[in-house]
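**Q** One structure follows; several queries about it will come next.
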Amino acid sequence: DTGVSQDPRHKITKRGQNVTFRCDPISEHNRLYWYRQTLGQGPEFLTYFQNEAQLEKSRLLSDRFSAERPKGSFSTLEIQRTEQGDSAMYLCASSFGQGFSQQETQYFGPGTRLLVL
Amino acid sequence: EDKVVQSPLSLVVHEGDTVTLNCSYEVTNFRSLLWYKQEKKAPTFLFMLTSSGIEKKSGRLSSILDKKELFSILNITATQTGDSAIYLCAGLYSGTYKYIFGTGTRLKVLA
């Protein structure tokens, strides 16, 4: 399978615990995005990487959230001291782009569903 | 604030019906509009629209963009139960790489 993959697919944790999610983008894609989706809502942008550089972060990304893409390939999203409000689907997407292209399409992974008890 | 609004929020039809889903957007510097289909997993790409008035088609699905009136429609003809999903519309704006998504339209097609 050459699509975007995410691990784990499901995560249940207790409030206050730390969790880490992994995303493996499509291999030739230089751009990687994290979104969060809650029930009944569309995905909300969290952060964006071009290669290993984190170029954009949403104000939704509180200090408890951190994302890395150390070698410009896979990325991790860590949530520290989880809260019940963090329960959501965390989606990763990737694309190949240069500059601000009109034709760039983001391809999404299956998501990690987080439940904080 | 940039936003994307979809209507209706939900829709129930019978197999064979034709449906039209709406997406309107407020934009500062619009680049393109995208449609995705989401079942119980990742959104899958349907269309990207950048030019006004040019219809894009894929099988029973088609979509068109009106950049003057700031909206797009997604048509599905001869609906099938497999079309049941959430249809998401997203705007992509100049100066940013992020998509702004609407809340989606939940379509249910009954046999």
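Here, each number is a calculation from the coordinates, and none is a lab measurement. Fair warning: this is a prediction, and the values are worked out from it, not measured in the lab. Backbone-built Cβ (ideal geometry, glycine too); neighbour counts: all protein chains shown.
**Q** Checking the cross-link filter: which lysines have an alpha carbon closer than 17 Å to that of B:Lys37, excluding same-chain neighbours under 8 positions apart?
**A** By straight Cα distance, B:Lys37 reaches B:Lys56, B:Lys57, B:Lys108.
**Q** Need the full-extension length gain, A:Thr105 to A:Lys57, defined as separation in residues times 0.36 nm minus the C-alpha distance. One decimal, nm. Working shown, then result.
**A** On the way: separation 48, 0.36 × 48 = 17.28 nm, distance 1.94 nm.
Working it through step by step, the gained length comes to 15.3 nm.
**Q** Moving on to the next point. Cα to Cα, under 18 Å, and not fewer than 8 places away if on the same chain: which lysines meet these conditions relative to A:Lys57?
**A** Those lysines meeting the cut-off are B:Lys3, B:Lys98.
**Q** Along the Cα→Cβ direction, 7 angstrom out, place labels at B:Lys57 and A:Ile12. What is the inter-label distance in nm?
**A** 4.9 nm
**Q** Sticking with this structure for a sec: What is chain A's relative contact order, in percent, from Cα pairs under 8 angstrom and six or more apart in sequence?
**A** Working: 289 pairs, mean separation 42.3, N = 117.
Once normalised by length, the contact order is 36 percent.
**Q** Here is a further query. How many angstrom lie between the Cα centre of the range A:23-64 and the Cα centre of the range B:38-108?
**A** Centre-to-centre distance over Cα atoms comes out at 21 Å.
**Q** Among the GluC sites (Glu not before Pro) in the range B:1-92, which ones are in a DSSP loop with at most 15 other Cβ atoms within 10 Å of the Cβ? Mind listing them?
**A** Details: sites: B:Glu1, B:Glu15, B:Glu26, B:Glu39, B:Glu55, B:Glu69; in loops: B:Glu1, B:Glu15, B:Glu39, B:Glu55, B:Glu69.
Those satisfying the criteria are B:Glu1, B:Glu15, B:Glu39, B:Glu55, B:Glu69.
**Q** Counting other C-beta atoms within 10 Å, and keeping those with at most 15, which DSSP coil GluC sites (Glu not before Pro) do you find in the range A:49-112? If you can, show how the numbers build up before the last one.
**A** Details: sites: A:Glu52, A:Glu56, A:Glu68, A:Glu78, A:Glu83, A:Glu104; in loops: A:Glu52, A:Glu83, A:Glu104.
Those satisfying the criteria are A:Glu52, A:Glu83.
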